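Working notes, structure below.
The numbers here are math on the coordinates, done by the rules we state, and not lab data. Fair warning: this is a prediction, and the values are worked out from it, not measured in the lab.
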């Protein structure tokens, strides 16, 4: 068992990020907790309140977003101040059943952007974060995919989505360099073959700018293909080579994935640190309970865990109802 520390908060934390060795809820306060248990609460508090129950921070730290995971509203922030309000289309049932689709990041030319679905839950759009300029103007198709769980590769060249189509959880990867020249590149199925996996996707994350890690559920395969990622498997896919580098069958369910150098953390039931090549469990914390969310689609919302990996990859912070639990991760 690795080191576990609990820092009492006295309330639910809805957003979480590391600032040095402090933990900050940038949606409420912003309150700041130190590892010695002390807390800084501003004399003049700023709280965005409901319906915002989740947040994310751009890789540069310059921009933040708070949003309602199962709602239609979001706010883009810079330094804690509101830049503008964001919305997603209130398409029937989408906001109630699909996690809010939003990502912050930088394109390969350095421009910081927001990727979201303001006009239709099927249609991805890219906006300049600072100015709000739409970078993907032009006629668009609607590919019958509820877009969700968006993430930009570290080099800013690609976008991954983990959404839902006809009741199946899918992963798609798009070329962002092409998309800012031709917005229709964000329509269709992207650059990863859909027959690369044959069952529902539980979670996915970027391991680096070329490799993605994909975890599947234990659902029955949709088709038979020995070369496809099958039920309850963990796979490492190379975008440049368009093939699986590694596939491993595992004996445990997987949820939200967080890249941690050459390893990944999965959050399902409790946190586990995994070797994505072999599927081996390097460390786990069964006494730290977490929800059992898989995929981005549920008729009943099972909230995505609120967690933040320290930039040095040595600690993981997880929000609980009245505390933040900090896990010290074993060295690679």
As computed over region 1-113, the Cα convex hull volume per residue (Å³): 155 Å³
Alpha carbon centroid spacing (whole Å) that separates region 293-327 from region 245-271: 14 Å
P(r) histogram, all alpha-carbon pairs of region 182-332 included - 5 Å bins from 0, percent: 2, 9, 18, 21, 20, 15, 9, 5, 2, 0
Answer label for mean projected area of the Cα convex hull in nm² (calculated), chosen among (i) 16.0; (ii) 22.5; (iii) 17.5: (i)
Approximate shape of region 92-145 as ellipsoid semi-axes (Cα gyration tensor, √5λ), whole Å, largest first: 22, 13, 9
Inter-part distance where region 218-233 and region 72-134 are each reduced to a Cα centre, Å: 33 Å
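If the convex hull of the alpha-carbon atoms of region 32-75 is projected onto planes in all directions, what is the mean projected area in square nanometres?
Working: hull surface 17.8 nm².
The number I arrive at for region 32-75 is 4.5 nm².
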Relative contact order [Cα under 8 Å, 6+ residues apart], region 225-296, whole percent: 24 percent
Relative contact order of region 63-180, pairs being alpha-carbon contacts under 8 Å that are 6 or more residues apart, as %: 18 percent
DSSP bridge pairs, the chain: antiparallel proportion in percent, nearest 5: 100 percent
Cα-Cα pairs of region 54-191 separated by more than 19 Å (percent): 44 percent
The chain, relative contact order [Cα under 8 Å, separation at least 6], %: 15 percent
